[in-house]
1. So in region 165-198, with the set limited to residues that are open to solvent by 10 Å² or more (accessible area, probe 1.4 Å) and aromatic (F, W, Y), which one is farthest from L392 (Cα to Cα)?
2. Looking only at region 327-351, which residues are touching a residue at least 60 places away in the same chain (Cβ under 8 Å) and open to solvent by 20 Å² or more (accessible area, probe 1.4 Å)?
3. Name the residues in region 148-176 that are touching a strand residue (DSSP E or B) at 6+ places or on another chain (Cβ under 6 Å) and either among the small types (G, A, S) or closer than 10 Å to V378 by Cβ (or both), would you?
4. Given the criterion open to solvent by 50 Å² or more (accessible area, probe 1.4 Å), farther than 18 Å from L51 by Cβ and either modelled with pLDDT under 95 or part of a loop (DSSP other than H, G, I, E, B) (or both), identify the matching residue among S414, S410.
5. How do the pairs read when you match residues in region 386-402 that are on the phi < 0 side of the Ramachandran plot and surrounded by fewer than 17 Cβ atoms within 10 Å (Cβ to Cβ) with residues anywhere that are outside any helix (DSSP H, G or I) and not hydroxyl-bearing (S, T, Y), using Cβ under 7 Å and keeping only pairs 6 or more apart or on different chains?
6. For region 198-244, enumerate the residues that are over 22 Å from H281 (Cα atoms), of a type in the set (S, T, N, Q) and not in a helix (DSSP H, G or I).
7. Any chance region 249-269 includes a residue that's in contact with a Phe, Trp or Tyr (Cβ under 7 Å, 6 or more places away or on another chain) and at negative phi?
8. Would you check if P318 is over 17 Å from V333 (Cα atoms) and open to solvent by 80 Å² or more (accessible area, probe 1.4 Å)?
Amino acid sequence: MVEHDVKNIAQAPEGRLRIEWAEQAMPVLRQVRERFAREQPLKGIRLGACLHVTTETAVLMLTLKAGGAELALCASNPLSTQDDAAAALVKEYGISVYAHKGEDHARYYRHIEAVLATRPQVTMDDGADLISQLHGARRDLLGDVIGGTEETTTGVVRLRSMEREGVLAFPVIAVNDADTKHLFDNRYGTGQSTIDGILRATNILLAGRTVVVAGYGMCGRGVATRAKGMGAHVVVTEVEPLRALEAVMDGFQVAPMSRAAELGDVFVTVTGNTSVIRAEHLQRMKDGAILANSGHFNVEIDLDQLAALAKSRRTVRPFVEEFTLPDGRRIYVLGEGRLINLAAAEGHPAAVMDMSFANQALAAEHMVRHGRTLERKVYAVPCEIDREIARLKLASMDVVIDELTAEQTSYLASWTHGT
């Protein structure tokens, strides 16, 4: 059996069934895998991945393996691992996995180190933790790296900062910014799975409650729309005027968090920033306020300040911790402030991850082919990859679209050339 550290290898048969269930909803990735198996574009490439270890990620790993990659996978969040999927990847499919749901800080970084010990030539991140470690404690491995890919908004922000500072040591493709990723995964995937996680953790009725959504990027739009669809009154908080204006035009109330704190029953942070909810807001909240986060890191809710304010705390349900303040008000934090859609639920539906992970697979192929000639920058997914994924997805849904006639093509060309 390949090297690994998973919680319970005996869960492998259950995990395989769940992987097969996810796979049937991922037709684009299946088509990519069929081509990869024929062409072997990743043959002999050592690929290290730090992603949420879920059934959908398992389908991506099988696609990369079919393309010839030598794989090692660890978790990008301590609470996001599906232990049965991790076990199945090891026992049923022979892929090295280092991931436990609920792992502590020390084990989390041991698992990252285990992946780095394979000396990856291509990195695949969700949050840029592999790249961060390579640029910090493991600079000795940088010479092996052709390039990397990054899945999420937070990771792309970190990488662009590294590029601006002139410290990024190899090229990285920002998979998050592909239209077939962020317009669908971030909006529809995060929207549905975040609400799913909140409801699984709490079993509350959203209809009639006030839900405060912090951040109106694609993820925030998805959460706000789905909460509204379930009958909630939605308040949006923002720092960007254009996004705030969009939220108003979309029919949502917009307010600063100082005001929204007094209104909300449920709070969801999706900003990618830190201390979005802090002591000054916590002190204004109603008894019974519920706090959840769907941003990548568990820093959006200032849990240290909440702990300092509370006179007592206890776990009242799985993934629900109650903090009682001196005046008797209770505030509930879901999933330790980590990604609630993965901590308490199963993450995004496979059908939307199909496009995101097709981007990852094709971006990895692109990096292997071209990475040695690229500058040390953050790159967009090539538009031809984005369009091909959209075409394949539409075909899998039996959707047919129009094509331009020769006359229409000529007409547009004449405007382009100023004639």
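1. Restricting to residues being open to solvent by 10 Å² or more (accessible area, probe 1.4 Å) and aromatic (F, W, Y), the top hit is Y188.
2. Y332, E336, R338, E346, H348, P349, A351
3. G148, E150, G155, V156, L159, R160, E163, P171, V172, I173, A174
4. Just one listed residue meets the conditions, S410.
5. Sorted first by the residue in region 386-402, then by its partner, the pairs are L394/I401.
6. The answer is N203, and nothing else.
7. no
8. For P318, the condition - over 17 Å from V333 (Cα atoms) and open to solvent by 80 Å² or more (accessible area, probe 1.4 Å) - is not met.
The values are calculated or read from the model by the stated rules, or taken from the named source; none is laboratory data. This one's a predicted model, so the numbers in the text were calculated from it and none came from an experiment. No Cβ is skipped: glycine too gets one built from the backbone with ideal geometry, and neighbour counts run over all protein chains shown. Side chains are part of the model used for accessible areas, which takes the heavy atoms of the whole protein and leaves out ligands, DNA and RNA. Shrake-Rupley method; radii C 1.70, N 1.55, O 1.52, S 1.80 Å.
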